[in-house]
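The structure appears right after this line, and notes come after that.
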Protein chains: 2
Amino acid sequence: MPDTPPPASADPHRFEAGLEKRAANYVPLTPASLLARAAAAFGARVAVIDGERRITYAALHERCLRLASALAGRGIRRLDTVAILASNIPEMVEAHFAVPMLGAVLNPLNTRLDPATIAFSLRHGDARVLIVEAAHAALAARALAELEQPPLVVSIGQAGQDAGVPYEALIEGGDPAYAWKGPEDEWQSLCLLYTSGTTGDPKGAVYSHRGAYLQALGNAVTFGLSGESVYLWTLPMFHCSGWSYPWACVAAGATQVCLRKVEPAEIFRLIAEHGVTHLCGAPIVLSMIAHAPAHERRDFPQVVRCAVGGAAPSSTIIRTMEEMGFRITHLYGATESYGPATACLAQPDWQDLSDEARYQRMARQGVALATLEAVTVTDPETGEPVPRDGSRIGEIRLRGNTIMKGYLGNPGATGRALADGWYATGDLAVWHPDGSVEIKDRSKDIIISGGENISSLEVEEVLMRHPAVMLAAVVARPDETWGETPCAFLEAKPDATLPSADEVIAFCRERMARFKVPKRVVFGPLPKTSTGKIQKFVLRELARELG
Amino acid sequence: MPDTPPPASADPHRFEAGLEKRAANYVPLTPASLLARAAAAFGARVAVIDGERRITYAALHERCLRLASALAGRGIRRLDTVAILASNIPEMVEAHFAVPMLGAVLNPLNTRLDPATIAFSLRHGDARVLIVEAAHAALAARALAELEQPPLVVSIGQAGQDAGVPYEALIEGGDPAYAWKGPEDEWQSLCLLYTSGTTGDPKGAVYSHRGAYLQALGNAVTFGLSGESVYLWTLPMFHCSGWSYPWACVAAGATQVCLRKVEPAEIFRLIAEHGVTHLCGAPIVLSMIAHAPAHERRDFPQVVRCAVGGAAPSSTIIRTMEEMGFRITHLYGATESYGPATACLAQPDWQDLSDEARYQRMARQGVALATLEAVTVTDPETGEPVPRDGSRIGEIRLRGNTIMKGYLGNPGATGRALADGWYATGDLAVWHPDGSVEIKDRSKDIIISGGENISSLEVEEVLMRHPAVMLAAVVARPDETWGETPCAFLEAKPDATLPSADEVIAFCRERMARFKVPKRVVFGPLPKTSTGKIQKFVLRELARELG
C-alpha cells in the first residue's frame, strides 16, 4: 500500500464554492438573540423576580421590544449611547437586551461614584439617553447639571414634570412586535463600561456583541447555569455588565432574582424562598453571609454555587460557607474581560487534600473559562512565559474573543493594554504545574528590597491573621539602604486592643522570611475608593512622607 | 426637561475607530481551541475512558498535536479531506480535534453502509487519507478496491504490511509541541458528513468551525454538561459527528466513555462503574435499556440524563426509564443542523400534569437549542408561519449559526435546502401554543430505523429491479424496538410468479446495507390517485395495522 496520500484535490476551492454564508446559516452573534430564543422556547418560565413581581420570558421579551421601539421612535440609532444609572432592578436587565436590539451601546454607570465622574462618563461616552432609577435621581441631577448638552432623561419609578420621560410610558407606547435589527456585524460595539482608574480619568472599555454572546455561554458552561438555575443579584450589574450574567442567565433559561440592597437577612430570605442556586460577588458579600448573626440566617436544602472575585476568599470564609451549604468558586477577571476570565476549577488531586490545603488551592485565580482562548504568565523582562513552577513571578495575560475591543477614544491606552496579541492585566502571578495561576501582587505593588521581590499581598495575608487586624495594606517605602522596604498600614477591628508596632513586627517575623517583614507599621483607617478598594497610591505617598 | 435626545454624536465612527479586531481580542472560533483550553485548564482530568485505558486531557491534547503534525508531515493541508471509518473509540475523538487543528476536513463514515456507498463518499469527498479501525478493515478494503486513486490508509489496531500506516506510528512520530494554525477563518469547512438522500447519491453536508464551536456550547448549556459530567458513547460518532458531543464534552470538561458495541449489560456496567451522567441515542438504545433482562441491569445512584432523537420515546419507555433513574429529553435535529436543533425542554405547566399527559408532552420535538437562532413552522403553500394552535400542519424550518454551510459540490440541493433564509427540513409538524413543535409526518419519505435514516425511494429502486415486481412502495411501520422499520408494498407484474417475502428480503440483503432491508413485504395492488400516484398515506395506515 502507498505510504503517501494521493495528490491534493484538483479543485482547492471545492469546500468554499457554493458554500457561502447565507441568511439560513449565518447570523451575527448578539445577546439580543438569546432573549428572542428564550421567549420562543419557554415564554411561560419566570425570567426575573423582583419582590412580588414575576416577569416571564415572554413578558421580558415584549417589554424589551417595546423599549427598543420606543427608543428608536425617539431617534436612537445604531451606535448611539444609552446610559443607565440603576441598582439591580428588572429595568437594568431589560436595558441589557433592548439597547442591543437597536445596535445601540449600553453604558451602565456605577451608582457609587461622585457626580463629577458620572458627568465625565456621560460626556465622554456621548450619551443621548440616560435612564435613571428614582433612588439615584439626586446623583443624576448633580451630574447632569455639569453637562452643556444633557441627554434625554428616562426616569424609572419617579413621577413629576422634571423627572424626565417615565420609563413605563415608553414601554406602554412601544411596539410589542418590533422587528429589531441588532448589529450589522457581530464585532459592533455593545457596551461601554468605565473602569475606575487609580489615577487620571476613567477609561471606557468597549464590548462587542460577539464577545458578550460568547461570554454568556462561557459563564453558563463554566459555572453550571441551566434552565433550573435561580441566580441572585448580589453583584452590581454596573460592574462589567454584571460579569455578563444578565446574558448568561437568559442563555441558560435561568431565573434572575433582583436585590436592591446587599444585606444578609434579605440574601438568606431570597435564597430560602426562591431556591437560589447561584450568586456572585466580591469577598465582602461572602464575608457578610458568613458572619451574619444567627437570627438573620435561614436554612436551605439546595447547594448555592457562589462565585467570588476581586480577592481570594479566606479559609475561614470558605469553611463557614461550605458548612452552610454554599460551594465557593474563586474567579478572576476585569472589566476588560467581560467579567470572569479565569476560575479556580477543581483539579483531580483536590480529593486527596486536607480541607485546609484545599482552601489554599481554592484561593488561586485558576484557569481559563471555556470561551477564553488562553491565559499565560509572562516574564516582564523577556515577554516569554514563566515556567509552571509555582514560584517564578510574571504578568497575567489573557487572549480571546472575550477580551474588550479597547478603550473608547483612547488609542494609547488601548495599544498598551492589547499589545503583542495579549491583554496585559498588570497583575503579577505565579503559574502552577496544574495550569492554574495565582496572583502574588498587582504589578505596581511589588516591593523590591535588597534585590529580593516581596509580594505585598503575601505580607498582608499574614497581617490579616493577627487577631487585632481587620484590614491590612502593605506598600513600598523608599529606603536608602535596601531600595525599598515594606511598610504596613493597619486598620484595627472595632474594640480591639491596639498592639504595638514591635508586637506586629514580631508576629510577622515568626511567619515569614525576614526580608519580607514590614519595617514600619502604622495604625489608622485606610483610604478607600467608592467601590471599597484600598487606595494604595495614597498609602505610598504617606509611606514616603513618614519620618 | 427636554423630551428628545440631543443630536447624535458628531463622530459616528467613535465606536469603531481604534477598536478594530486584534490578535488579543479576536480568534476564529474552532473546536480545536476547546481542547487546547481544556488541556491547559485541567490537564490531569480524565478526558476519555476506553476499557482499562484512561486518557487525560493533557494526554489527549498531546496525542492530537502529534497526529496533526504527523498528518501535516505527510502533506495534509488546509481543506484536504481526512476520512475515518471507526466505531466509538478514542481515535475517533482524536480525529475530531487533530484534523481541525490542520484546518483540514474530517469525513466520518458510517460503518453500517455498503462498500459502494463508502467508495462513493471517498471519491466525492476527495479523501487524501482514510483512517480505518481494524474491525472495519474488510469493509474499507472492498470500498478502496473501487477507487482509481485510493487515499493513504492509516490503520488503527491492525498489523501487517498491507494494513496501511499504523496509527500509533503516526502518533509516535508526531510533534507533541506542534503549533497548529487551525482555520484562517471560522467559516472554513471543518467536517463533511454524508446523508442518505431520498433519491440518488448521498449528499455531503459541510460544517464550519464556527458552527461546531457554537453547537458544542449550545449542547453543553442545553443538556447541562459540566466538568463533573460523564458522557457514555451510545450514539455513533459518525452520526452528525456524534451530534457535536465530542466537542461539547471537551468544552464542558466532561469525561467521555467509549462503547464499541451497544449492548445493555455493557451500558449498565459502564453507567454504574464510571458514574455516567449523560448519554444520547436513537429510540433503539432506550428500548434496549428499558427492556434489558434483570441479570444485565445494574443499580446506580446518580441521575442519568438521556437525550433521544430520531423518533419520539413511548410512554412505556419513559416510565420504565424514569423508574430506573434516567431522565429523558426528546430532541430533534439532522445532519444538516450539527445534530440537535430542538429539544423538548420542560415547560412550567408540566408540573401540573399527570405522568401520562407529561409523557405525551415529552414526545414533542420541542424548542430551539440555546445556540439556534430560530425554529418556525411554515405553511407549505404560503411560506408564512402557521398559527401556534397545535393543529395546523406546516414544515419545520431552522435558522442560525448551527445550520450546515451546504452540500459539497451540489449547489442545486444546497439552494433548495437553504432557500429563503431558512433550512427546510421537509418534516411536517404542528406548532403548539407553548412554542414547541411536534412532527406529524415526514414529507420526504424518510424512515428512521434504529437512528439510521433510510430513504424509502432508494429501497423502492432496488425492489423495482426484482424481475417479478412492477411497482414498489416502501413506508415506515411503527416499531417498539427500532422506532420505525421499512415495510414494502409490491404490485407484481402480470403473469409473474409471486416470490415469497423471504426471497424478496434476501434479494434486498444482497443489494443494500442490512438496516435498510424491509422487515415486512406485502403483495397486492397499490392504492393510487386518479392520476396514478401511489397513495402512501393509505399504505402507512395499512402498515400500522399489520399484525
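The values are calculated or read from the model by the stated rules, or taken from the named source; none is laboratory data. Quantities reported herein were computed from a predicted structural model and do not represent experimental measurements. Ideal geometry is used to build each Cβ from the backbone, glycine not excepted, and the neighbour counts take in all protein chains shown. Heavy atoms of the whole protein, side chains included, go into the accessibility calculation; ligands, DNA and RNA do not. Shrake-Rupley method; radii C 1.70, N 1.55, O 1.52, S 1.80 Å.
Results, tabulated for the structure shown:
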| read-out | value |
| --- | --- |
| Whole-Å distance, taken between Cα centres, linking region A:494-510 and region B:497-514 | 94 |
| Per-residue average of Cβ from other chains inside 10 Å of B:220-228 | 6 |
| Scattering profile of region B:1-95 at q = 0.12, 0.15, 0.16, 0.19 Å⁻¹ [log10 I(q)/I(0), Debye over alpha-carbon scatterers] | -0.59, -0.77, -0.84, -1.06 |
| Accessible surface of A:His432 - all protein chains present, 1.4 Å probe, nearest 10 Å² | 20 |
| Cα-centred dipole magnitude for region A:78-143, charges only on beta-carbon of K, R (+1) and D, E (-1), debye, nearest 20 | 160 |
| Region A:27-210 - percent relative contact order, Cα under 8 Å, separation 6 or more | 26 |
| Value at 222 nm in deg cm²/dmol, rounded to 500, when DSSP H runs of n ≥ 4 in chain B each add -39,500 (n - 2.57) | -9000 deg cm²/dmol |
| Cα pair count fraction exceeding 33 Å, expressed as % - region B:29-261 | 9 |
| Heavy-atom accessible surface that A and B bury in contact, both chains counted, 1.4 Å, Å² to 100 | 7800 |
| Largest-first ordering by accessible area, 1.4 Å probe, given options B:Asp299, A:Asp11 | B:Asp299, A:Asp11 |
| Which of A:Ala163, A:Pro100, A:Thr485, positive extreme of dipole for chain A (C-beta unit charges) | A:Ala163 |
| Whether region A:450-545 is rounded, prolate or oblate, judged on the alpha carbon gyration tensor where a/c under 1.5 counts as rounded | oblate |
| 10 Å Cβ neighbours from other chains, averaged over peptide B:3-14 | 6 |
| Label distances, nm, A:Asp502 versus same residue in remaining copies, Cβ-directed 7 Å point | 10.8 |
| Rounded to 5, percent antiparallel among DSSP beta bridges of region A:36-156 | 20 |
| Length-normalised contact order of chain A in % [C-alpha pairs under 8 Å, at least 6 apart] | 10 |
| Of B:Lys440/B:Lys536; B:Lys203/B:Lys536; A:Lys493/A:Lys528; A:Lys405/A:Lys533; B:Lys203/B:Lys519; A:Lys261/A:Lys536, pairs whose Cα-Cα distance is over 18 Å | B:Lys203/B:Lys536; A:Lys405/A:Lys533; B:Lys203/B:Lys519; A:Lys261/A:Lys536 |
| Region A:1-89, relative contact order [Cα under 8 Å, separation at least 6], % | 16 |
| Shape category assigned to chain B from the gyration tensor of Cα positions, a/c cut at 1.5 | rounded |
| DSSP-defined beta bridges in the protein assembly as shown - what % are antiparallel, rounded to 5 | 55 |
| Nearest-first distances (nm) between copies at B:Gly421, label 7 Å from Cα via Cβ | 4.0 |
| Nm distances between copies for A:Ala177, ranked from closest, using label points 7 Å along Cα→Cβ | 6.4 |
| Rounded Å value of the spacing that divides the Cα centres of region B:24-59 and region B:321-372 | 29 |
| Alpha carbon centroid spacing (whole Å) that separates region A:71-113 from region A:233-270 | 17 |
| With every protein chain in place, the protein assembly as shown: carbon and sulfur % of accessible area (1.4 Å) | 51 |
| Accessible area (Å², 1.4 Å probe, nearest 10) - B:Asp3 | 90 |
| Average accessible surface area per residue within chain A, 1.4 Å rolling probe, Å² | 38 |
| Neighbouring partner chain Cβ atoms per residue of A:404-414, average, 10 Å criterion | 4 |
| Farthest toward positive dipole pole in region A:317-406 [+1 Lys/Arg, -1 Asp/Glu at C-beta], among A:Pro340, A:Gln351, A:Gly406 | A:Gly406 |
| Longest to shortest principal axis, alpha-carbon extents of the protein assembly as shown, angstrom | 118, 72, 57 |
| Accessible-area order (highest first, 1.4 angstrom probe) of the listed residues A:Arg37, B:Arg298, B:Arg544 | B:Arg544, B:Arg298, A:Arg37 |
| Simple Cβ-charge dipole of chain B, Lys/Arg +1 and Asp/Glu -1, about Cα centre, in debye nearest 20 | 440 |
| Computed magnitude of the charge dipole of the protein assembly as shown (debye, nearest 20; Cβ of K, R +1, Cβ of D, E -1) | 260 |
| Area accessible to solvent at B:Phe523, 1.4 Å probe radius, in Å² | 60 |
| Solvent-accessible ranking of A:Arg520, A:Arg128, largest area first, probe 1.4 Å | A:Arg520, A:Arg128 |
| Antiparallel content of DSSP bridges confined to chain A, in %, to 5 | 55 |
